[in-house]
Amino acid sequence: MFDYRTAGLEVLNTEINALQQLEQYFDETFNTACDLILNGKGKVVVMGIGKSGHIGNKIAASLASTGTPSFFVHPGEAAHGDLGMIDSKDIVIAISNSGEASEILDLYPILKRLGIKIISITGRQSRAWLS
């Protein structure tokens, strides 16, 4: 008979170990990103593709439910008109595991031209940017 309890504990320990690895990424950039969000005068706009989009949608909903004006915009939709919902006081959080999602990277020059602050969350530290 399969031991579900043991399997569950193995999964739990794997998750605990993964979370402990994240500590190394909580540097000054993390502080800067938090300050941007907490002191922002506009909305927080979250973007992501695929699974990153699902996570982004949850982040936007959690921020909104705790009092930070925020919403999710699909990058593909942003390129076809939804950028009009974003203004220069807003902050964009762009999420991409690879850091190479073309749908997001294509928006970067436009967002910068509009003066929008951008926080990226990627699976590769070397791909992360904050501007």
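The values are calculated or read from the model by the stated rules, or taken from the named source; none is laboratory data. Everything numeric in this text was worked out from a predicted model, so none of it was measured. Don't worry about glycine lacking a Cβ; one is built from the backbone with ideal geometry, like all the others, and counts go over all protein chains shown. Quick note on the areas: whole protein, heavy atoms, side chains included, nothing else; ligands and nucleic acids left out. Shrake-Rupley method; radii C 1.70, N 1.55, O 1.52, S 1.80 Å.
Listed values, structure above:
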read-out	value
Peptides ranked, highest mean first, by Cβ atoms within 10 Å: ranges 93-102, 79-88, 13-22	93-102, 79-88, 13-22
Contact order relative to length of the chain, as percent, for alpha carbon pairs under 8 angstrom and 6 or more apart	22 percent
Whole-Å distance, taken between Cα centres, linking segment 30-51 and segment 61-93	9 Å
In segment 37-131, chymotrypsin sites (Phe, Trp or Tyr not before Pro) in a DSSP loop with at most 14 other beta-carbon atoms within 10 Å	Trp129
Which of His54, Leu114, His74, positive extreme of dipole for the chain (C-beta unit charges)	Leu114
Assigned charges on the beta-carbon of Lys, Arg, Asp, Glu; the chain dipole about Cα centre (debye)	320 debye
Hz values of 3J(HN,Hα) by residue in segment 20-32 - Karplus curve (6.51, -1.76, 1.60), Gly and Pro given as x	5, 5, 5, 3, 5, 8, 8, 10, 5, 4, 4, 4, 4
Mean accessible surface per residue for the chain, computed with a 1.4 Å probe while every protein chain stays in place, in Å²	65 Å²
Segment 38-114 shape via C-alpha gyration tensor axes, a/c threshold 1.5	oblate
Whole-Hz ³J(HN,Hα) from phi, Karplus 6.51 cos²θ - 1.76 cosθ + 1.60, for segment 103-119, glycine and proline x	4, 7, 4, 5, 7, 3, x, 5, 4, 5, 4, 7, x, 7, 6, 10, 10
